[in-house]
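Some notes on the structure that comes next.
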Amino acid sequence: MTFLTQRTTQRAADRAEEQRRAAALAEERRAEQIRTVLEFIRFSLEAEGVAHARPPQWEVGDEWYRTARPAMDGLRIAENGVLLLCSSLLHAPTTAYARALNQAVWQAHDGSSLAERLEPYKAEFLAVARRSMT
């Protein structure tokens, strides 16, 4: 009888430990996803600033380009981090926002304001990111 009691107690302790490990792993994963989304937001804001500073004429190697290239490289890396680590629900809005930023930085403006072109993509990304974190 003592053996049965000890075995039952040990199994309960093992299950509790496994549940604790699973909860800790889930929390670590969530924290990693939050860091990844925040990194994407940081690079998207940097890319937006580069788009605002875009001169009408630029050339590879000029001062603006030397700022734009690393900002856009960082954005692509951060986008891939979101695609790799976050919910699949966040993939399409992340990609759409990154593409809109890419166009705003590298392509000539069509007369509409930068905010008008980017805000729908940014709002959708942030809304889905918020939902995916809850």
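What follows is calculated from the coordinates using simple rules that are stated; it is not laboratory data. Since we're looking at a predicted model, the values are computed, not measured. All Cβ positions, glycine included, derive from the backbone under ideal geometry; neighbour counts span all protein chains shown.
Net charge within 14 Å of Leu75 by Cβ-Cβ distance, Lys/Arg positive one each and Asp/Glu negative one each, not counting Leu75 itself? Net charge in that neighbourhood comes out at 0. The mean sequence distance of close C-alpha pairs (under 8 Å, at least 6 residues apart), as a share of the length of the chain, puts its relative contact order at 26 percent. Given axes a ≥ b ≥ c from the Cα gyration tensor, I'd like to know whether region 7-55 is rounded (a/c under 1.5), prolate (a/b larger than b/c) or oblate. Since a/c reaches 1.5 and a/b is larger than b/c, the shape of region 7-55 is classed as prolate. Residues within the reach of a label modelled at Ala92 (point 7 angstrom out along Cα to beta-carbon, backbone nitrogen below 17 Å), restricted to region 116-134, are 120-132. Each other residue within a Cβ distance under 14 Å of Ala13 adds +1 if Lys or Arg and -1 if Asp or Glu, for a net charge of +2. Suppose R0 equals 41 Å; then what is the FRET efficiency for Gln10 and Leu126 from their Cβ-Cβ distance, rounded to the nearest 0.05? Working from the Cβ atoms, E equals 0.30. Length gained on full extension, Gln57 to Ala26, computed as 0.36 nm times the residue gap minus the Cα-Cα distance: 6.3 nm. For the chain, the alpha carbon positions stretch 86, 29, 16 Å along the principal axes, listed from largest to smallest. For the chain, no complete DSSP H run has alpha carbons reaching 18 Å or more along its own long axis together with a mean Kyte-Doolittle score of 1.0 or higher.
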